[in-house]
2 protein chains.
Amino acid sequence: MGDRSEKGSGKHKRRTTIAGDAVRAHQVKRGGAETLRGQVKEKEQRHETPANKHNNHRDAGDDAFSCHKLQESLLSSNSGYSNYRGVLNWCVVMLVLSNARLVLENLIKYGVLVDPIQIISLFLKDPYSWPALCLIIVSNVFIMAALYIERKLSVGSISEGTGTFLHCINLAALLFVPAGTVLILTSITPVGGVLALSVFTILFLKLYSYRDVNKWCREIRHAKARTLSRSHSCPSVHKANGTTGYTHVIYPANLTHRDIYYFIFVPTLCYELNFPRSPRIRKRFLLRRLLEMVFLMQLILGLIQQVSPPLLPVPLQVPNHFIWLIFFYWYFHSSMNFVAELMQFGDREFYRDWWNSETIPYFWSNWNIPVHKWCLRHFYKPMLVKGVNKLGAQLAVFFLSAFFHEYLVSVPLKMFRLWAFLGMMAQIPLAYFVGRFLRGNYGNAAVWMSLIIGQPIAVLMYVHDYYVLHYESAAENTAA
Amino acid sequence: MGDRSEKGSGKHKRRTTIAGDAVRAHQVKRGGAETLRGQVKEKEQRHETPANKHNNHRDAGDDAFSCHKLQESLLSSNSGYSNYRGVLNWCVVMLVLSNARLVLENLIKYGVLVDPIQIISLFLKDPYSWPALCLIIVSNVFIMAALYIERKLSVGSISEGTGTFLHCINLAALLFVPAGTVLILTSITPVGGVLALSVFTILFLKLYSYRDVNKWCREIRHAKARTLSRSHSCPSVHKANGTTGYTHVIYPANLTHRDIYYFIFVPTLCYELNFPRSPRIRKRFLLRRLLEMVFLMQLILGLIQQVSPPLLPVPLQVPNHFIWLIFFYWYFHSSMNFVAELMQFGDREFYRDWWNSETIPYFWSNWNIPVHKWCLRHFYKPMLVKGVNKLGAQLAVFFLSAFFHEYLVSVPLKMFRLWAFLGMMAQIPLAYFVGRFLRGNYGNAAVWMSLIIGQPIAVLMYVHDYYVLHYESAAENTAA
C-alpha cells in the first residue's frame, strides 16, 4: 500500500489566479517527483473496486460539507505553479524603497553627492570625450561603403568575388580602425572608448548581416531567373502590405539610404527587407519608457558612484549585480523599446525568460536576443551548412562571443589581461557541471549564483589591474 | 490609419519556456491596454483587401529570410507573461547570500550574538513560561467537553437547545478562561501569553466548526428519516475508500476521541468527517520541511534580535517585513506541510497566490486559507442564509478578524490600545482606494507597499507603548 510511485504523472488543476494564468503540470519532466495526486491516481488505477466506485458517488449526506481536496501547496516545487509576477513587483517596490532610503541617507550624510548634471557636463565639456564622438560620426563612411558595394553587386557591375573582398575589407576596417584609434590616441577615456567600440561592434554585426541577406536575395533571384520563373516580373512594390500599410519591398528596391539607415537605427542585428512594423507610435508607452530610461540612468550612475574606487574594499558582488540587473532592464527593455516604438519597429523580443534559466546555455541564448539571433542566423547555421558538427559550431559561437567581450574591454582599458575571454570560456565547464548535477530550481539557483558571484569577479580583476597600472605607477612617479 | 484601438483584444502566443508554462493573454481584463497585435488585428479586419491576402502568401523569395515577428517584450505589462519562478529563486539566493554576509559580519563584530540554544533554554528553564504550558494542557478539557456534548446530542439524550447552550458556554470559556488567566497571572510573559492565546483561538475556531458540521449532519439525518429514505440503513463503514484506503465514516461513527484529536492536530480549521488523506508519508519531503523549519526559525530569531529594542531607532520597516515574509513561509509552508505530511492530511492549500494580489480584499482572502475557509463556511455563508446582505457580511468578517487580532495582541501585552483593531479596520478604506484608483501591477505594488509600510507601523505602536509603559514607569519608580 505504501510503495513508491516513481512516475508522478498526475496533473494538478489549480484555480485560475487573479492574474489568471493557466498552469501546466510539469511533473512529467521531473523524473522522480512524487506528487500527492500522482500517488493517488496510481493507487486508484490499481484498486478499481466497487467500493471505489461508491466513493465517486458518495451519499450527499455528510459530503455536502466537504471543503477539502487533495492538493499540493503552491510553493511546493511539484505543484507546477509558476505565476510570480507579484514577486517581480515586490522586487521593484523594495528597490524603490531601499534606494529612497539610500538617497535620503546620502543626502543627510554628505549632501548632494550623486550629481547627474555634473556627470553629463563632464561628458559634454571634457575635451577627451570628443574623439569617441568623432569616431562614431566617421562610422557613416562604412555604412555608405556597404550600401554602394551592394548597389554595384545588384546591377552586376562587379563580380561576387570582388564584392566579397570589398565587404571583407570594409568589415575588417570596422573592427581595426576604431581599435587602432583608441589604442593610439591617449586623449580617449575608457568610457568613451567603450562607447565607440560598442557602436562599431554593433555596426560590424549589422553590416555583416546586411551583406549576407542581400547575397541570399541575389542567389534566389539567380535561381528564379534560371528556372525562368516569371513571378518576379510583376511590379516589385505592392501597396498596403497587410501588417502595417507599409510598402512591401522586393530585392533590389531595398538598396536605399533610407532603408539602410532604418536598419542601422532599429534595435536588431539581423537585416530583413520587410521588418514587421507597429501601426502607430503609442505616446503613453513612449513616455513611460523615456521616464524609465532617465530614472534608471540616474540610479545606475548613483550606484556606480557608491561603489567607486575610493570605497573599493566594500564587497562588490551585490551592488555590481544590482547594477547589472538595472542595466539589463534599462538597455534591453526601456531603451530598446523606446527606440523601437519611435521607429515603429514591431519585433520587441529583445530578451526571453532568462530569469527562469535552469542551465547555463539557456541563459546565454535568452538574455540577449539580438546577438543570439545574429549568431544563430549568420554564424551557427552557416557553419552547420558547411558541415561543422553541432558541438564544434556551439564552441565556435562561444569563442566568437569571448573574442568580442575581450575586444570591448581590453582595447578601451589598454590592458590585455584575457579575464573577459577566460570568463566567457569558463562558462563551458560550468555549463557542463550545472547541466550534469543540478536541475529544476537548483539549476536556476546555480545560474543566479554564477551571475551574482562570477561576473563581479571578472569586473574586480579589471578594476584591480587598472588601478595597479595607473595609480600605483603614478604614485611611484611622484615619489621618484 | 493611426486611430486608437481601445480593445486590445489580441492574444499573444509566446514560445513555451524552459519551465514550460502555458500563458494566458489577459488583455481582455485590462480595459484600455493597447497591444501591438491588438492594433494590427483590428486594422486587418478593417482593411481586408486583396493586397492583404497577397501578404498572407508572400513570395518565398525574400521572406524566407524573415526572422522577426510582431510581438511585445515579455516584461511589458500587456504581454500577458507571468512566469517569474526564477525571480522567486533569485530572492531566495539573495536572502541566503546577504544573510551569510550578515552572520559573518556579526561574528566578526560581536562574536556569537545570536545564540539559539540560549533562547530555547530560556523558554524551558524560565519558571514564567510554565503557566502558558499549563493553560495549553488544560485546553484538553474543552475538547472533551465538545466531544461529550456531541455524543449526547447524537443519541438524543439532550435537546438541540440544550446542546447549543452547552456549546456556547464551552466556546465562551475557551476565549475567556485563558484571557482571564493571562490578565490575572503576573508571572506569564507576553510571548507565553501570545502562544497560549493562539492555541486557544485556534481551538475555539476548530470546535465551533466541529459543532456546526455535526449539527448539519444531524439535520440531514432528520431530513432523511422524515422522507423515510432507507439509504442509511446500510453499514456506516465502507472498506477501501477510494482516495486512500481509509474507512469512509458516516455521521454518528465520527464521534470518537481519535477522530476529534486528528482534527485538532491537522492544519485546518474546518471540520469534515472524511478528510482527504495522502497515501503515505514521503520521507524526503518531511525531512526537507523539517530542515526549513529549523533553519528559518534560527533566521527569524536572529533577525528579531537584530532589531531588538536597544537598536529601536533603526527604521523597522524592511527587517520587520522580511521577518513577516520568512515567518509566512516558515508557518504556512514548512510547518503546516510538515504536520500535514506527518498526519497524512491531503489538502495542502494553506495559502494561495496572495503575492499577485491586485486588490486588498484579494490579499486578505488568499494569504491565510485555513482562516479564510473557516470565515467563509462558518460565518459569512450562514450570515447570508440568515438574510444579511453581502456588504454587511463582509464587514462583519473584517470586524471579527479585527477583534481576534486585537485579542491576540492586547491581552498578552496587557495594553488595550486598539492599534491592531484599527489597523484591520483601516483596511476597508484602503481597499476602497486601491480598488478605485489602481489596477494591474500598480494595484499589486500598492498592496506590497501597504504590507511593507503599514504593518510595521502597527507593530511599532505596540512596541513603543509597551516600552513607555514598562521601562519609563520602572525608571520613575527607581528615581522615586
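Some notes on this structure:
- Distance-filtered residues of the range A:277-301 - backbone nitrogen under 18 Å, label point 7 angstrom along B:ARG439 Cα→Cβ: A:284-285
- Maximal additional length on extending the A:LYS381-A:PHE165 stretch stands at 75.6 nm, based on 0.36 nm per residue less the C-alpha distance.
- Each copy carries a label point for B:LEU422 at 7 Å from Cα toward Cβ; from one copy, the others' points are 6.3 nm away, ordered from shortest.
- For A:CYS168, solvent-accessible area (1.4 Å; no DNA, RNA or ligand), Å²: 80 Å²
- A point 7 Å from Cα along Cα→Cβ stands in for B:GLY387, and the other copies hold the same point at 9.2 nm, listed in rising order.
- Put the Cα centre of the range A:399-469 next to the Cα centre of the range B:134-188 and the gap is 66 Å.
- To the nearest 10, the accessible area of B:PHE265 is 130 Å² with a 1.4 Å probe.
- A:SER66-B:ASN140 FRET efficiency (beta carbon distance; Förster radius 25 Å; 0.05 resolution): 0.35
- With the simple model of a label 7 Å out from the Cα in the direction of the Cβ, A:PHE416 to A:TYR471 spans 2.7 nm.
- Per-copy distances of the A:ILE169 label point, shortest first, in nm (7 angstrom along Cα→Cβ): 10.9
- For B:HIS248, distant residues with modelled amide H under 5 Å away: B:HIS238, B:ASN241
- Distance from the range A:339-383 to the range A:242-302 (C-alpha centre basis), Å: 16 Å
- Note, ³J(HN,Hα) from phi for the range A:66-83, Karplus 6.51, -1.76, 1.60, rounded to Hz, x at Gly and Pro: 4, 9, 10, 9, 5, 7, 8, 5, 4, 7, 5, 5, 9, 7, x, 8, 9, 8
- Value of relative contact order over the range B:356-480, rounded to a whole percent, pairs C-alpha under 8 Å and six or more apart: 34 percent
- At an R0 of 51 angstrom, the distance between the Cβ atoms of B:LEU391 and B:ILE184 translates into a FRET efficiency of 0.80.
- Sites B:VAL96 and B:LYS283 - FRET efficiency at Förster radius 22 Å, r taken between beta-carbons, to 0.05: 0.35
- The phi-based Karplus calculation (6.51 cos²θ - 1.76 cosθ + 1.60; θ = phi - 60°) puts the 3J(HN,Hα) values of the range A:203-210 at 4, 4, 5, 5, 6, 4, 5, 4 Hz, whole numbers, x for Gly and Pro.
- Placing +1 on the Cβ of every Lys and Arg and -1 on the Cβ of every Asp and Glu, with no other charges, gives the range A:349-480 a dipole of roughly 700 debye about its Cα centre.
- Cross-link pairs A:LYS215/A:LYS373; A:LYS224/A:LYS373; B:LYS152/B:LYS215 - those with Cα-Cα distance over 20 Å: A:LYS224/A:LYS373
The values are calculated or read from the model by the stated rules, or taken from the named source; none is laboratory data. These numbers were taken from a predicted model, which means no experiment stands behind them. Virtual Cβ from ideal backbone geometry, glycine too; neighbours counted across all protein chains shown. Quick note on the areas: whole protein, heavy atoms, side chains included, nothing else; ligands and nucleic acids left out. Shrake-Rupley method; radii C 1.70, N 1.55, O 1.52, S 1.80 Å.
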